[in-house]
Amino acid sequence: MKHATFHANSGPFATVSETAKTFNVTERTIRAWIKTGILAAIKVGGVVRISRNSVQRIAEGAK
C-alpha cells in the first residue's frame, strides 16, 4: 500500500479520487470506507471531501 503524502498547502480535505490514488484502490472502495466509517468525510455542495487527517491515520495504521 502507498504511503499517504500530501502537500502542506493542499488543504485539510482530499477528493475521493485523490484518496483512491493514495491507496491504489477504486473510488467505489473509498466510498465504501466512508459509508462504514473507516474514513471521515463531509459533503460540501454535494461533493464528498475526505479528511486528510483520516487518510493519514489509515495510512499509518497500515504500515
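Any residue at all in the stretch 26-37 that is out of contact with any helix residue (DSSP H, G or I) (no Cβ under 9 Å at 6 or more places or on another chain), of a type in the set (Asp, Glu) and within 19 Å of SER10 (Cβ to Cβ)?
Checked the stretch 26-37: no residue is out of contact with any helix residue (DSSP H, G or I) (no Cβ under 9 Å at 6 or more places or on another chain), of a type in the set (Asp, Glu) and within 19 Å of SER10 (Cβ to Cβ).
Would you check which residues across the stretch 1-39 are modelled with pLDDT of 95 or more, of a type in the set (Ser, Thr, Tyr), more than 14 Å from ARG57 (Cβ to Cβ) and assigned to a helix (DSSP H, G or I) and list them?
If the condition is that a residue be modelled with pLDDT of 95 or more, of a type in the set (Ser, Thr, Tyr), more than 14 Å from ARG57 (Cβ to Cβ) and assigned to a helix (DSSP H, G or I), then SER17, THR29 are the ones that fit.
Enumerate the pairs (first residue in the stretch 35-58 and in contact (Cβ under 8 Å) with a residue 12 or more places away in the chain and polar (S, T, N, Q); second residue anywhere and in a loop (DSSP other than H, G, I, E, B) and buried (at least 19 other Cβ atoms within 10 Å of the Cβ)) with beta-carbon separation below 7 Å, excluding pairs fewer than 6 apart on the same chain, so at least 6 apart or on different chains.
SER54/LEU39; GLN56/ALA4
The values are calculated or read from the model by the stated rules, or taken from the named source; none is laboratory data. It should be emphasised that the depicted structure is a prediction, and the values quoted were computed from it without experimental measurement. We place every Cβ from the backbone using ideal geometry, glycine too, and count neighbours over all the protein chains shown.
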